[in-house]
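Any read-out appearing in this document is the output of simple, stated calculations on the displayed coordinates, not a laboratory observation. Here the structure is a predicted model, which means the values were calculated and not measured. Cβ coordinates were reconstructed from backbone atoms using ideal geometry, including for glycine residues, and neighbour counts include every protein chain displayed.
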Amino acid sequence: MSLWISGEITDDFGITEGNMAKEENEKGFTVRDKRHFAEGKPEAPKEEEEKKEGAETAKTEQPREKTEKVPSGEEETPLPEINFSNFIFSLSTSALIQLGEIPDPVSKESGKNLPMAKQTIDIVGMLQEKTKGNLTPDEETLVENILYDLRMRYVKAKG
């Protein structure tokens, strides 16, 4: 639907035909980095060089491996493989922390948070329901056993 306003044709959103033509012609944008670097001083802008280098390196740059910086004296611990079983183990560990069964690895303190534990247990139950028929027999057994164990621990913690 178009409207006639002061000699210009506009659409329902108030955009005139002239504005639409201008927007189609303006397809570029500029990105300016305003982050602060060493000693709290921003780097001097090198927009022209960055544009040229950015275009060249984007074409030739290879993906880099993710590495974590580890404080001196500590060894880098490899992360476990990401799969369904490890995901369920992770949720189970979270529920055990929330039930106060094991200490929080960050604060080293044990504390109960029963509403969060119930929600985590319900998430495992939902995953069991939604993945029914799509899991290997070992994965099905794992989910059943963890869910049973967590539910029994929840009932015991509640009361």
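If I ask for residues that are surrounded by 14 or more Cβ atoms within 10 Å (Cβ to Cβ) and without any contact (Cβ under 8 Å) to a residue 40 or more places away in the chain, which ones from the range 139-148 would you list? Outline the logic, then answer.
Going residue by residue through the range 139-148, those that are surrounded by 14 or more Cβ atoms within 10 Å (Cβ to Cβ) are 139-140, 142-143, 146-147.
Passing the criteria: Glu140, Leu147.
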### Task
Scan the range 71-120 for residues that are of a type in the set (D, E, K, R) and part of a loop (DSSP other than H, G, I, E, B) and jot them down.
Glu74, Glu75, Glu76, Glu81, Glu101, Asp104, Lys108, Glu109, Lys112
#### Entry: the range 149-159: number of residues that are small (Gly, Ala, Ser) and surrounded by 11 or more Cβ atoms within 10 Å (Cβ to Cβ)
1
